[in-house]
Amino acid sequence: MHVRKEFFRYVIPAMLAFALSGIYAIADGFFVGNALGDGALAAVNMAFPLTALLQAIGTGIGMGGAIEYAINAGNRNESRGRQYMGMAIVLLSGLSILFTILFLFAGLNILGLFGASGEILDYSSEYLRFVSYGAAFQIAGTGLVPFIRNMGGAVMAMAAMVTGFVTNIVLDYLFVWVFPWGMMGAAIATAIGQAMTFLVCLVLFIFKKSAPSFRFDGDGKSLAVRILSVGLSPFGLTYSPNITLILLNKSAVIFGGNIAVTCYAPISYISSVVMLLMQGVSDGSQPLISLAYGEGKHRITKAVRNLAYRFAFGVAATCSVILFLLRGSAAYLFGASEQIAALVAQILPIFIIGFIFVSVSRVTTAYFYATGRNLWAYILIYGEPLTLCISLLILPNAMGNVNGTWISVPLSQIVAMLLSLLLIQRNRAREKQQQLMKQNQATNGDRASDISDEEKDG
C-alpha cells in the first residue's frame, strides 16, 4: 500500500472525530458560561471528567475489540474477528447500564470528592444528572466508531461524530440561550447529540458486510479478557487528560480556591482539544499499524509509526504557536470575566510547553497497544498521571502557591516522553536480538542440511 496516502486517509478523519468529541464539553462551557457566568463555566469543567469517562469506556472497549478484529483480519481469521466484534458489543451494553445507574445514584458524592462545593456543586450535579440519561448512547457510539474505522470507514466514522456535534451545537443554542433551561438544557443537548452519533454509527454498522458473531464456542471469557486487556491502553490514553483534570481541580481548590478552578476551566477546554487532535493522529494510525503487524509487514508498521511521530509533532507545534498568540483573548470565548481572562493569559503558556512532549508519548503508546505490547503501553499511560500526582504532592507545598500546581503538568509530560523514548530504544534492541536469533537458527539449519547431504553422499 501507499503508506503516506493511506496514513492521511485514516488519520485526518480520526483527528476531526476526536476533536469534535472534545468540543462537546467546550460547546456546553461556551453557552452556559456566556449565559450563567463563571460559576457555570467551572461547573461544566468539574463534571467533565465523569462525562468523559463514558467516552473513554466506549473507546477502550471499542478499540480493544477493533484491534483484535484488525489483527485477525490480517491473519485471514475472519470468523475470530467477528467473535471479537460480538463480545465487544456485549461488553458495551453491560457497561452502559452499569454506569448510567452509578452516575444517577452516586454522581453528587463523586463531584463533592472532586472538590465541588456551593454554586459550582449545584450546577455540576444538575448537569451530570441529565447527561447520565444519555450515558448509554455515548458509550455505545464511541465503542462502534473504532470498528467502522478499522473496516475502512474512517470518513463515515467522522460523519457520525459530525452529526452528533452539529446536533449538540444547535440544541445548546436553543436550550440555553433561546429557552432559559440553563445547565439542564446544556446537558440535554449533549445527551441528544450523543444519541444521534450512536444512531448514525448503528446504521453504518448494520450496512457493513462483516456482521458480529455472538456464538463464542465456549471462549466468551477469554475473548472478554483479551478485549479488556488491550482496551485498557486506549481507555487510559483517552481518559488520562481527565485524570489530570481531576487532580488539578483538587489541587487548585486547595491552593487557589474557586477562582483558580474557574481559571483552569478554559485552559482545560483548550488543552483537551489539542490532546484529542494528537490522539486522533495516534488512533487514526492504529488500523494501519495493527493490520500490517498482523500480516507480518514490520517495515510498513514502523513506517506508519514514524510518519505518525512527524505529523503529531507538527500538529503540536502549530497549536502551540496559535494558542500562544491568542492567549490574551482565549478565555473570553467562554464568557469569562476580565479578571479570569487576565489570569488565563499568564498561565496558558505553562500548559503549551507540554504539547510537544505529549506528541511523542501519545504516538509511542498507540504503537505499543496496536502491536500487542500492552505492558509497555500501560507503563506510559498510567505513569504520567502517577508522576503528576507525586508532583502535586511536592511542588505546590514547596512553592507555597498554586503555581506549583500548574508547573506539575508539563513536568509529568516531560517524564512520559523520556520514558517513551527509553521504551522505544529497548524495543529496537529487542527486535535486533530476535532478528539475530532467527539468522542464527537459519544458519544452523543450513549447516544441518549440508551435513545430512554429506552423510547421504557418504
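Computed from the coordinates by the stated procedures, all read-outs in this text should not be read as laboratory data. Just so we're clear, the structure is a prediction, and the values are computed from it rather than from any experiment. Note that each Cβ is placed from the backbone with ideal geometry, even for glycine, and that neighbours are counted across all protein chains shown.
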Task: Cα-based convex hull, the stretch 119-275, per residue volume (Å³, whole number) - done: 146 Å³
Task: Hull-based mean projected area of the stretch 131-177, where the convex hull spans the alpha carbons, in square nanometres - done: 3.4 nm²
TODO: Percent of Cα-Cα pairs per 10 Å bin, from 0 to the last occupied bin, for the chain, please list those.
DONE: 4, 21, 30, 25, 12, 4, 2, 1, 1, 0
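Between Gln439 and Arg426, what is 0.36 nm times their sequence separation minus the Cα-Cα distance? Round to one decimal in nm.
Details: separation 13, 0.36 × 13 = 4.68 nm, distance 2.01 nm.
Length gained, Gln439 through Arg426: 2.7 nm.
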Task: Rounded Å value of the spacing that divides the Cα centres of the stretch 128-202 and the stretch 222-236 - done: 24 Å
Open item on the list: Student exercise: in the chain, how many lysine pairs 8 or more apart or on different chains have Cα atoms under 24 Å apart?
Closed with: 7
- [ ] Give the share of C-alpha pairs in each 10 angstrom bin for the stretch 144-201, from 0 to the last occupied bin, in whole percents, shortest bins first.
- [x] 27, 40, 22, 10, 1
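Given Cα pairs under 8 Å that are at least 6 residues apart, what percent is the relative contact order of the chain?
Details: 717 pairs, mean separation 100.1, N = 458.
It comes to 22 percent, rounded to a whole number.
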- [ ] Grab every C-alpha pair in the stretch 50-156, bin the distances at 10 angstrom width from 0 up to the longest one, and report whole percents.
- [x] 15, 37, 25, 15, 6, 1
Task: Modelled FRET efficiency - R0 41 Å, Cys389 with His298, Cβ distances, 0.05 increments - done: 0.65
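Tell me, what is the FRET efficiency for Leu228 and Tyr332 to the nearest 0.05, using R0 = 45 angstrom and their Cβ-Cβ distance as r?
My answer for the efficiency is 0.55.
Using the Cα centre of the chain as the reference point, and only Cβ charges (+1 on K/R, -1 on D/E), how large is the resulting charge dipole? Debye, rounded to the nearest 20. Write down the numbers at each step before the final one.
Details: 29 positive and 22 negative charges, 188 e Å.
Its charge dipole is roughly 900 debye.
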Task: Förster radius 41 Å - calculated FRET efficiency between Lys221 and Ala342, Cβ distance, rounded to 0.05 - done: 0.15
Task: Contact order relative to length of the stretch 96-190, as percent, for alpha carbon pairs under 8 angstrom and 6 or more apart - done: 29 percent
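Classify the stretch 98-161 as rounded, prolate or oblate from the Cα gyration tensor: take a ≥ b ≥ c as the square roots of its eigenvalues, call it rounded if a/c is under 1.5, otherwise prolate when a/b beats b/c and oblate if not. The partial results should precede the final answer.
Numbers: a/c = 3.55, a/b = 2.74, b/c = 1.30.
It comes out prolate by the Cα gyration axes.
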Task: Segment Ser93-Asn401, length gained on full extension (0.36 nm per residue, minus Cα span) - done: 106.4 nm
Task: Relative contact order of the stretch 177-306, pairs being alpha-carbon contacts under 8 Å that are 6 or more residues apart, as % - done: 13 percent
Task: Whole-Å distance, taken between Cα centres, linking the stretch 282-354 and the stretch 399-428 - done: 16 Å
- [ ] Find the centroid of the Cα atoms in the stretch 250-265 and in the stretch 48-110, then give the distance between the two in whole Å.
- [x] 33 Å
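For the chain, what is the mean residue ellipticity at 222 nm derived from helices alone (per DSSP H run of n ≥ 4: -39500 (n - 2.57); sum divided by total residues; nearest 500 deg cm²/dmol)?
Numbers: 13 runs with 399 residues, N = 458.
Computed ellipticity for the chain at 222 nm equals -31500 deg cm²/dmol.
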Task: Estimated distance in nm for a label pair at Phe8 and Phe324, the labels positioned 7 Å out from Cα along Cα-to-Cβ - done: 2.6 nm
